[in-house]
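Structure first, commentary second.
The values are calculated or read from the model by the stated rules, or taken from the named source; none is laboratory data. Treat the numbers as computed from the prediction; the structure is a model and nothing was measured. When we count neighbours, we look across all protein chains shown, and the Cβ atoms used for this are built from the backbone with ideal geometry, even at glycine. The accessibility values were calculated without ligands, DNA or RNA, using every heavy atom of the protein model including side chains. Shrake-Rupley method; radii C 1.70, N 1.55, O 1.52, S 1.80 Å.
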Amino acid sequence: MGNEAEKEKTEGQLLAEKLFFEIKNCWDTAAPEELEAVQRYGEGYKTFLDQGKTERECIRQSLDMLNAKGFTDIETLLGEPGSLLPGAKVYQNIKGKSLLFAIIGNRPLSEGVNVVGAHVDSPRIDLKTNPLYENTDLALFDTHYYGGIKPYQWTTIPLAMHGVLIRKDGEKRELCIGEDPGDPVFTITDLLPHLAREQMQKKAAEFFDGEDLDILAGSRPYKDPKAKDRVKLNLLNLLYEQYGIQEEDFSGAEIEFVPAHKARDIGFDRSMIGAYGHDDRSCAYAALHAVLSFASVPVPEKTVICLLTDKEEIGSMGNTGAQSRFFENFIAYLCSKTLTAYSGIALRQCLGKSSMLSADVNAAYDPNYDGVYDKKTASYFGKGIVLSKYTGRGGKVGGSDASAEFCQKVQGILNKNKVRWQYGSLGKVDKGGGGTIAQFIANLGLDVLDCGIPVLSMHSPFEVISKIDLYTTYKGYIAFLREV
Ligand code: MN
Ligand code: MN
């Protein structure tokens, strides 16, 4: 805007410019070279999504990256106390489903660490313990869904089968069927409209019963007409020939059915990505790369840590969820190997002085569903990283509420580094709600703020994000980690 226009502004207009809080669109404010970086970053992310459709696959990919960057498994380090020096790169693999890694900074751990934590599990369809059955010459898998899904969204789409079975002899078999173009896929059927008169009268919540989400797995009988359950038998025979697995092996197995489609650009302008699992792999990918960016530059001031966790979608329970003690244990490991005199107090001191961004997605404003959003506090595509001061439902119950001091600290860091940010809360008051891992880490004494990427169609088989929000979030995490 030239001087002419500037002169024409009234006093009230100028005052408004000074006092109002206006959030600009990142596509408008980004430099040309940054726009190229946004597209490149999106390409790497799509590959990460296509190769990581389960929590185990995400952790395996992350471990590959850590090994390539020279990280060491902290459990193999037998050095004296104080043997872990600034610049050291270590990780701890939590049962192949969660992961912690750190780059040791110049300052002692008693001054606190900077953490970015995300989850790598996503809603999906799990198999029950005795899943395979036959009905009218069709073989089906009985399922129990994982996480908060709208069941009808998971019918009539191609599904891929991923997972782990442990055979009777203890041998592990990993399955991944439906990802290669030549693979068969699976699907959950739905009723034709012609016969759906009754179904269409039902409320959406009853439209598809969780128990009815059974997966079509085969229809060709085994050749011996005297055998029973011949379709099921034929299928088990194929599985036995190919993987050496028997029906019993399904009992304790972890088999996850996920959308078989790949991540794709969305829109004429290729500004968005549609994929399965943006919640929360978009933040996990950004967190992973943000911490890794300190692996090849001068040693960070404070120790930087990435936390990738499982089980967020079902409440962060269990020994691979954020409610377990693995995060605390990892900090204890770091304290014991960086401080010459380790004590329980040093661990508590470190936790109390540390900060974390709970890296998780937020519900982007959706023009199709205007009624549930409060437009003033919603997050929007293209407006950058989303900060959520609090989560929870109805009266903030069950949420984590970051302090004004910590919120301002993060805003200041982002401003200083020219990272565009917006606040976002989950819909209108009393329209619903949700939580993240923030509260569990905050319980240990850390300052924690939820901070991530706006998503459309969250928890559906095909979620959508904006490429520039993804990139801005990555930049935001780096800025936060660098801070002392
Ligand atoms: Mn999430
Ligand atoms: Mn979620």
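Here's the yes/no breakdown for (1) away from ligand 2 (no atom under 16 Å from the Cβ); (2) under 26 Å from residue 52 (Cβ atoms):
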{"residue": "308", "(1), (2)": "no, yes"}
{"residue": "312", "(1), (2)": "no, yes"}
{"residue": "318", "(1), (2)": "yes, yes"}
{"residue": "327", "(1), (2)": "yes, yes"}
{"residue": "345", "(1), (2)": "yes, no"}
{"residue": "350", "(1), (2)": "yes, no"}
{"residue": "357", "(1), (2)": "yes, yes"}
{"residue": "363", "(1), (2)": "no, yes"}
{"residue": "385", "(1), (2)": "yes, yes"}
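Does residue 412 satisfy the criteria of being of a type outside the set (Asp, Glu), in contact with a Ser or Thr (Cβ under 7 Å, 6 or more places away or on another chain) and not in a strand (DSSP E or B)?
Answer is no for this residue.
Determine which member of the set 156, 129, 189 is in a strand (DSSP E or B) and polar (S, T, N, Q).
Testing whether each residue is in a strand (DSSP E or B) and polar (S, T, N, Q) leaves just 129.
When only residues in region 109-149 that are at positive phi and away from ligand 2 (no atom under 16 Å from the Cβ) count, which is nearest to the chain's Cα centre (by Cα)?
For region 109-149, the residue satisfying everything is 112.
Have a look at 13, 61 and point out the one that is surrounded by 13 or more Cβ atoms within 10 Å (Cβ to Cβ), of a type in the set (S, T, N, Q) and on the phi < 0 side of the Ramachandran plot.
61
Among the residues that make up region 391-403, is at least one of them of a type in the set (A, V, I, L, M, F, W, C), open to solvent by 10 Å² or more (accessible area, probe 1.4 Å), modelled with pLDDT of 95 or more and away from ligand 1 (no atom under 16 Å from the Cβ)?
Checking region 391-403: not a single residue is of a type in the set (A, V, I, L, M, F, W, C), open to solvent by 10 Å² or more (accessible area, probe 1.4 Å), modelled with pLDDT of 95 or more and away from ligand 1 (no atom under 16 Å from the Cβ).
Listed here are the residues, each with its yes/no results for (1) among the aromatic types (Phe, Trp, Tyr); (2) within 16 Å of ligand 2 (Cβ to nearest atom).
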| site | (1), (2) |
| --- | --- |
| 259 | no, yes |
| 264 | no, no |
| 267 | no, no |
| 270 | no, no |
| 274 | no, no |
| 277 | no, yes |
| 281 | no, yes |
| 285 | yes, yes |
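What is the residue count in region 264-293 for residues that are away from ligand 1 (no atom under 16 Å from the Cβ) and under 15 Å from residue 467 (Cα atoms)?
Summing the residues that are away from ligand 1 (no atom under 16 Å from the Cβ) and under 15 Å from residue 467 (Cα atoms) in region 264-293 gives 11.
Being acidic (Asp, Glu) and surrounded by 20 or more Cβ atoms within 10 Å (Cβ to Cβ) is the filter; apply it to region 121-134 and report the residue that is farthest from ligand 1 (Cβ to nearest atom).
The extreme case among them is 134.
Quick test of your reading of the structure: residue 324 fulfils all but one of (1) more than 16 Å from ligand 1 (Cβ to nearest atom); (2) not in a loop (DSSP other than H, G, I, E, B). Name the failing condition by number.
Failed condition: (2).
Restricting to region 432-460, count the residues that are at pLDDT 95 or above, within 14 Å of the chain's Cα centre (by Cα) and surrounded by fewer than 24 Cβ atoms within 10 Å (Cβ to Cβ).
Residues in region 432-460 being at pLDDT 95 or above, within 14 Å of the chain's Cα centre (by Cα) and surrounded by fewer than 24 Cβ atoms within 10 Å (Cβ to Cβ): 3 in total.
For region 279-299, name all the residues that are in contact with a Gly (Cβ under 6 Å, 6 or more places away or on another chain) and either open to solvent by less than 10 Å² (accessible area, probe 1.4 Å) or outside the structural domain of residue 45 (by TED's automatic domain parsing) (or both).
Scanning region 279-299 gives a single hit, 283.
For region 337-349, does any single residue satisfy the condition of being within 16 Å of ligand 1 (Cβ to nearest atom), surrounded by 24 or more Cβ atoms within 10 Å (Cβ to Cβ) and either within 24 Å of residue 454 (Cβ to Cβ) or assigned by TED's automatic domain parsing to the domain that holds residue 82 (or both)?
No, the conditions are met nowhere in region 337-349.
Kindly evaluate residue 268 against the criterion of being at pLDDT 95 or above and surrounded by fewer than 18 Cβ atoms within 10 Å (Cβ to Cβ).
yes
Residues that are among the basic types (Lys, Arg): list the helices (runs of 4 or more DSSP H) wholly contained in region 1-101 that include at least 2 such residues.
Correct list: 32-51, 55-68.
Here is a list: 137, 212, 249. Which entry is open to solvent by 80 Å² or more (accessible area, probe 1.4 Å) and within 30 Å of residue 58 (Cβ to Cβ)?
Testing whether each residue is open to solvent by 80 Å² or more (accessible area, probe 1.4 Å) and within 30 Å of residue 58 (Cβ to Cβ) leaves just 212.
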